[in-house]
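The values are calculated or read from the model by the stated rules, or taken from the named source; none is laboratory data. Since we're looking at a predicted model, the values are computed, not measured. Positions of Cβ are backbone-derived with ideal geometry, glycine not excepted, and every protein chain shown enters the neighbour counts.
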Amino acid sequence: MNCPICKRCAWATDLCPQCSHLKKTGTLSDSDVEVSRILHRINETHNISEAHLSRTIPFEGTMLLLTRSEPGILIGKGGKVVAAISAATGKKVRIIREGRDEKRMITDLILPARLLGINTRFHEGGQSLVLRVAKGDRHKLFVDALMIKSLIKDWLKKDIDIVFE
Ligand SMILES: [Zn+2]
């Protein structure tokens, strides 16, 4: 399993000097540590040794898990793995495949609402993204549009507008 903390720290209650250093420099967050430890425990009963976790983003009652492996590994058969992560963190969990494909990441983020497209809007001093979401799917967003905007801004460092059409 590939996690933000080392295997030693996954089973300890403290952090080794290397992991502590990552924490001090801001590369490693409390939720990265928490979820990494949870994943190691889940791996004891469900085989998720192929799983990869890049980082976690806690957001309100939701925990986003960014992975570079197939998201299905962290979802598990019938959603068993994701349910176990959710039970252990006490939050709703969403698994998002991290990659260069911004569109796919955003699609995963807003599921089951449908993303009709992403437009780039250029303006003085930069550019922003306009997410076009199906009007009838507004109620399917797991958090409201404002939260998605601030989440994506924090994550992709881009300004976002969401239009429902
Ligand atoms: Zn460590």
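From the list 13, 67, 27, exactly one residue is within 16 Å of the ligand (Cβ to nearest atom) and within 25 Å of residue 101 (Cβ to Cβ). Which is it? Please lay out each step first, then the result.
Values: 13 fails: within 25 Å of residue 101 (Cβ to Cβ); 67 fails: within 16 Å of the ligand (Cβ to nearest atom).
Just one listed residue meets the conditions, 27.
Among 57, 5, which is the only one that is surrounded by 12 or more Cβ atoms within 10 Å (Cβ to Cβ) and either more than 11 Å from the ligand (Cβ to nearest atom) or farther than 20 Å from residue 74 by Cβ (or both)? Steps first, answer last, please.
On the way: 5 fails: either more than 11 Å from the ligand (Cβ to nearest atom) or farther than 20 Å from residue 74 by Cβ (or both).
Unique residue meeting the criteria: 57.
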Inset, instruction - For region 40-54, indicate whether the set of residues that are modelled with pLDDT of 95 or more, within 13 Å of the ligand (Cβ to nearest atom) and surrounded by 12 or more Cβ atoms within 10 Å (Cβ to Cβ) is non-empty. - result: yes
Inset, instruction - Name the residue, out of 81, 163, that is under 30 Å from residue 43 (Cα atoms) and of a type in the set (Val, Ile, Thr). - result: 81
Inset, instruction - Please give the number of the condition residue 163 fails out of (1) assigned to a strand (DSSP E or B); (2) among the β-branched types (Val, Ile, Thr); (3) modelled with pLDDT under 90. - result: (3)
